[in-house]
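Enquirer: Handing you this structure, nothing more for now.
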Amino acid sequence: QVPPEAMSAVASLRGPAVLPLQVCQQTPAGLAVQVRRPDAFQRLLGPLPGPAPPAAWARTGCVVLHCPALRSPAPLRPRHLRSILLADHLAELLCAQGVTVQLVPALTEERSWDILQQLRIHWPSSSGGSSLTDAVSALKAALGRCPCATACEQGPGTAEGVICKVHLKSFVEQQGLLGYDPSLDVLLVTEGTLWSLAELQEAVLQCPVSDPTALPASRFPSSSCCSIVHVVNCEEEFQQQQLDVLWRILDPGAHTALQKHLVCGPVKVTNPSSPIGADQYLQLRKRQMYEASVIKYGELAEDEAWTEVIDILTVAAIRFEMLSTAHRSQITLDLENNSISTKGTKSGAFVMYNCARLATLFDSFQRAVEQGTYPPLPPVSELNFSCLREEGEWLLLFNYLLPFPEVLQQAAQLPPPSKGIRITANTETVCKFLIQLSMDFSSYYNRVHILGEPFPHLFEQMFARLQLLGAVRDVFHRALATLHLPPLSQI
């Protein structure tokens, strides 16, 4: 039995994501609800709705995304790439929700970051400045006043460049901080440590604040709503906890209390002849993608267009390989020659292939219109969506077009931790969504002939299907943009 008030509540629901109902009634099995599908198509196949409104936690401030892997003095490895790609993707998701994002650290000219450019990672660069130098000086002064800090006696075993040592464990215990490694004890502070903190401070200063007139003793407005998220691989987690506690000691305030740690699981590489660098990993995947494309399409022309296609497919393969698994889980990279395929349904190449099929479909339709074979696509208001009777058409609308704004919002959520400093995020959501969309679209596209014979009695259904697939194409493009992947027009 369904309470009458429940039936009434369902029938009276309104909103952009609420489908028009045809039947809402009590049956022996419970509440039966039927949707008016043509009306649902009509409503949803106009312009796609914009991004969902930002979550309450994000409306009043900004997020500082800190990726320590970009400070690695050693050559980047796949484990570094995972946290860098995750931070890059998360920044784009947050920006799409209207959140202000500051990325730290800024890249300097001292190192070559060609691999980041090849992977389409958008990260700010800077050569530093007087403001950072002043911030480092202020931090040194704070160290001199810090009761947890003691001078280091210079001796044969003392590391070069150490300024002092800070007792972290006693501070963590006094403050009752939860979630930190119990082996945190003494940190040897160097100039580089203070420079890292100064960059974080400058990023917080650049965040918008709700009350810019509030200026307490620290350099930060007390009403600033700025969250700091350290995106780290599991091997960097201990060092980042040390930096976190040091910052709390030297600059006590609301901003340092809002630090969170988004920890990526390990990246295991199978069959490596030696430890593999990120650049070697990229080149290996590019060569494998080229060889797989030759098997599928035959010998490729050595021209700029195909080079760009292979480059984009390689980036897609790596991004999906790194981001389609929950960030806290282990990733296993199989670097054997047969580990890349253009046919695998869970790969970035498969997603890009289906995006290109849509581009080819609409290019073919446009050429046919220019040649007079078909009339132009009419406005949405003139289309007859009762022609869309295929279950695959309804699945595309119901499973992908309807929930897409919510998918982007869910992927950008950074819930505060209930206990401790670790947080989890749904950073795999977009990749999984695109993979499933590609599978269902491919199944529908292989089964249904979209561009039929040029007979007027067939135009009605063809136009309705094109409108549906145009919306699907827009979803592909907007989702891929959060991964910094351009849509392919050919493949």
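Enquirer: Taking only Cα atoms, what is the 0 to 90° angle, nearest 10, from helix 130-145's long axis to the longest principal axis of the chain?
Expert: The helix 130-145 is inclined about 50 degrees to the chain.
Enquirer: Right, something else. Report Ser125's accessible area, 1.4 Å probe, all protein chains in place, as a number in Å² to the nearest 10.
Expert: Solvent-accessible area, nearest 10 Å²: 90 Å².
Enquirer: For helix 278-297, report the angle its Cα long axis makes with the longest principal axis of the Cα atoms of the chain; keep it between 0 and 90° and round to the nearest 10°.
Expert: 10 degrees
Enquirer: For Leu76, list long-range residues whose amide hydrogen, built 1.01 Å from N in the peptide plane, is under 5 Å from its own amide hydrogen.
Expert: Long-range HN contacts for Leu76: Ala278.
Enquirer: Using every alpha carbon pair in the chain, what percent of pairs falls into each 10 Å bin from 0 up to the bin containing the largest distance?
Expert: P(r) over the chain, rounded to whole percents: 3, 16, 23, 22, 17, 11, 5, 2, 0, 0.
Enquirer: Further, regarding this structure: Show Glu460, Glu321, Glu304, Glu370 ordered by accessible area, largest first, where the area counts protein heavy atoms only and the probe is 1.4 Å.
Expert: So, going from the largest accessible area down, we get Glu304, Glu370, Glu460, Glu321.
Enquirer: Counting only DSSP beta bridges with both residues in the chain, tell me the antiparallel percent, nearest 5.
Expert: The antiparallel proportion sits near 40 percent.
Enquirer: Starting at the first residue of segment 363-370, write each ³J(HN,Hα) from the Karplus equation 6.51 cos²θ - 1.76 cosθ + 1.60 with θ = phi - 60°, in whole Hz, x for Gly and Pro.
Expert: 5, 5, 5, 5, 5, 5, 5, 5
Enquirer: Sort 289-300, 93-104 for me by packing, meaning the mean count of neighbouring Cβ atoms within 10 Å per residue, highest on top.
Expert: Details: 289-300: 14.7, 93-104: 19.7.
Ranking the peptides 289-300, 93-104 by packing returns 93-104, 289-300.
Enquirer: List the relative contact order of the chain as a percent without decimals, with contacts defined as Cα pairs under 8 Å and 6+ residues apart.
Expert: 19 percent
Enquirer: What does the charge dipole of the chain about its Cα centre add up to, to the nearest 20 debye, if the Cβ of each Lys and Arg holds +1 and the Cβ of each Asp and Glu holds -1?
Expert: Computed charge dipole of the chain: roughly 1000 debye.
Enquirer: Using only Cα atoms, tell me the angle between helix 429-447 and the longest principal axis of the chain; keep it within 0 to 90° and round to the nearest 10.
Expert: 20 degrees
Enquirer: Let me ask something else. From the backbone phi of segment 22-31, what are the Karplus-calculated ³J(HN,Hα) couplings (6.51 cos²θ - 1.76 cosθ + 1.60, θ = phi - 60°) in whole Hz, Gly and Pro given as x?
Expert: For segment 22-31, the Karplus curve yields 9, 9, 8, 8, 6, 10, x, 8, x, 7 Hz.
Enquirer: Which order do Lys346, Lys260, Lys268, Lys140 take by accessible area at a 1.4 Å probe, largest first? Each step should come with its number before you reach the end.
Expert: On the way: Lys346 150, Lys260 20, Lys268 110, Lys140 85 Å².
From most exposed to least exposed: Lys346, Lys268, Lys140, Lys260.
Enquirer: Search the structure for amide H atoms under 5 Å from the amide H of Thr190, placed 1.01 Å from N in the peptide plane, and list their residues when 5 or more places away or on another chain.
Expert: The list, which skips near neighbours in sequence, is Ile163.
Enquirer: For the chain, how many pairs of lysine residues have a Cα-Cα distance under 23 Å, where the two are 8 or more positions apart or belong to different chains?
Expert: Close lysine pairs found across the chain: 16.
Enquirer: Using alpha carbons only, how many angstrom separate the centre of segment 475-489 from the centre of segment 405-432?
Expert: Their Cα centres are 20 Å away from one another.
Enquirer: With a 1.4 Å probe and all protein chains in place, put Ser83, Ser443 in order of accessible area, largest first.
Expert: Ser443, Ser83
Enquirer: Oh, and also: For the chain, what is the calculated [θ] at 222 nm in deg cm²/dmol (nearest 500), taking -39500 (n - 2.57) for each run of four or more DSSP H residues and dividing by its residue count?
Expert: The helix contribution divided over the chain gives -14500 deg cm²/dmol.
Enquirer: Continuing with this model, one more query. Would you report the distance distribution of C-alpha pairs in segment 278-482 as whole percents per 10 angstrom bin, up to the bin with the largest distance?
Expert: The percentages, shortest bin first, are 7, 28, 30, 22, 9, 2, 0.
Enquirer: Could I ask something else about it? Just the number please: accessible area per residue for the chain, 1.4 Å probe, all protein chains included, in Å².
Expert: Counting only protein heavy atoms, the per-residue value for the chain is 47 Å².
Enquirer: Counting only protein heavy atoms and using a 1.4 Å probe, what share of the accessible area of segment 278-482 belongs to carbon plus sulfur, as a whole percent?
Expert: Reported share for carbon and sulfur atoms: 49 percent.
Enquirer: Name the long-range amide H neighbours of Gln259: under 5 Å, sequence gap of 5 or more, or other chain; modelled H, no Pro or chain starts.
Expert: Ile228
The values are calculated or read from the model by the stated rules, or taken from the named source; none is laboratory data. Computed from a predicted model, the values in this text were never measured in an experiment. A quick note on method: Cβ atoms are made from the backbone with ideal geometry, for glycine too, and the neighbour counts reach across all protein chains shown. Heads up: the accessible areas ignore ligands, DNA and RNA and are worked out on the full protein's heavy atoms, side chains in. Shrake-Rupley method; radii C 1.70, N 1.55, O 1.52, S 1.80 Å.
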